[in-house]
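Comments concern the structure below.
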RNA sequence: GCCCCCAUCGUCUAGAGGCCUAGGACGCCACCCUUUCAAGGUGGAGAUCAGGGGUUCGAAUCCCCUUGGGGGUACCA
């Protein structure tokens, strides 16, 4: 694919929480678009909310994206001491403070912004008054036209000043990549908005524009929840004398009840899906199909490369998509079946180890043992973590079956006892059989026949006695795996 | 409240005015395979394209209204 230096997209996560499924989806769509057109994918950390940002979250986000295979061309180095990669460093906003200060100074100088000395109490009072009058909340403009003298007076009082951006009247519009023309009257923006806090730290709407301009971002692909913010950003780009990028607003991922996906109602942390044994391939595949599809029948299971090849940002759906875990699980199964043996063993290992650490397993199988089990488990694993539930009995010292399960429906307890005794004798008492699946079956079928039992009932009694479960991989393979002893 | 966005099977979607008696996938149901559970195969139920008006010879597709849903309304991001 040819490269296209004019196309630059970015993902700008805020390390105020673990990597969110929605952030991963936005990152993925940016990556798909960038890779499809040969553009550059930038990662920038928006850590100006110092109170809520943590290094642990930052690590979770960076590692999570890497795990998914969502890799960036430019961005911060991984880890606190890591070096930035790319021509527009730094890529952490807290290290870009001088850039924002300079941009704010220019805006102030051009009178596109002004210092605001309003106190929180004043602002709160304004808001209440507006609410009482059933008016939309907006900044009243108390400090918008202060004379130099008035400003000096306030400075002399030692009142801290925030910086507000002057919102010009008129309509701001743009041609959105996914929803065509959008136009918003700046009268609905809530008045002049704050771009720098009174403590001197810059706010999101400001930093995002300063950085996108500085980093030459050409396409801003983000969630639909930013549509109403876009006019503010466009105004800022213009005031800064910078060209306005192309915007594309993706539909939201929704909770089952149709509201914006949230931690409260859904599992949103990518790390949790990973810990439950979802494959990166499945997650990426699933996420890509939330709001987009290649529109070709039979193309349901696609790799990242295949997605990149087919992706078209203008074909993205406008309406939100509910997160359907069942479908994710189906895709996960599809991908598990596509993995080759070595790969599957590698990915299974951590989950077996985890089962051991939780005390559910008495011992940990080696890679060879795991590998021989693959034909038995591959088609039966909805997730990697399910390995413990599926065949954990193999690595447990003592199996304790539920007595109720031990007796097949058509049998009574005495028959079950007798059946198990006879089966044991048939298989263990003599050296007649070698311990291989093919060798085990005939004697047991013969036994069932002579006693007039249904083979299935006999098999079930044995299954439960040996594994403690009513659902297992095929019995004779299972017996072989358990071993003669 | 105000502003904005959206609307095709339960869910994800195909659909760019005639190819639509609306297609696929997940899920569901049945059957086949089968020692259980899966996987796989075959078939089925499931959407009067939110409703109503237009435009057009012709509308799921274009326009308007209504309804419904969602998002935003911070010195959060």
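The lone criterion from (1) part of a helix (DSSP H, G or I); (2) under 15 Å from residue A:200 (Cα atoms) left unmet by residue A:115 is number (1).
Could you tell me whether residue A:221 is surrounded by 21 or more Cβ atoms within 10 Å (Cβ to Cβ) and farther than 16 Å from residue A:14 by Cβ? So residue A:221 passes the test. With respect to the stated conditions, residue A:474 fails to be loosely packed, with under 15 Cβ neighbours inside 10 Å and either over 27 Å from residue A:374 (Cα atoms) or without any contact (Cβ under 8 Å) to a residue 40 or more places away in the chain (or both).
Applying the condition of being in contact (Cβ under 8 Å) with a residue 24 or more places away in the chain, near RNA strand B (Cβ under 6 Å from one of its atoms) and surrounded by 13 or more Cβ atoms within 10 Å (Cβ to Cβ) to the range A:304-323 and asking which residue is nearest to residue A:38 (Cα to Cα) yields A:317.
Residues that are within 47 Å of the chain's Cα centre (by Cα) and surrounded by fewer than 18 Cβ atoms within 10 Å (Cβ to Cβ): does the range A:442-456 have at least one?
yes
Residues in the range A:128-139 that are modelled with pLDDT under 95 and surrounded by 13 or more Cβ atoms within 10 Å (Cβ to Cβ) were compared, and the one that is nearest to residue A:195 (Cα to Cα) is A:138. Selection of the range A:156-168 for residues being touching a strand residue (DSSP E or B) at 6+ places or on another chain (Cβ under 9 Å) and within 14 Å of RNA strand B (Cβ to nearest atom) yields A:161, A:162, A:163, A:164, A:165, A:167. Against the definition (farther than 30 Å from residue A:281 by Cβ, at pLDDT 90 or above and part of a loop (DSSP other than H, G, I, E, B)), how does residue A:470 come out, yes or no? When the stated conditions are applied, residue A:470 passes them. The residue pairs whose first member lies in the range A:325-341 and is farther than 13 Å from residue A:281 by Cβ, whose second member is at pLDDT 95 or above and more than 10 Å from RNA strand B (Cβ to nearest atom), and whose beta carbons are closer than 6 Å, counting only pairs six or more residues apart or on different chains, are A:341/A:371; A:341/A:374. Residues that are over 26 Å from residue A:207 (Cα atoms) and part of a loop (DSSP other than H, G, I, E, B) within the range A:147-171 comprise A:147, A:157, A:158, listed in sequence order.
The values are calculated or read from the model by the stated rules, or taken from the named source; none is laboratory data. All of these numbers come straight from a predicted model, not from anything done at the bench. Here the Cβ is made from the backbone with ideal geometry for all residues, glycine too, and neighbour counts use every protein chain on show.
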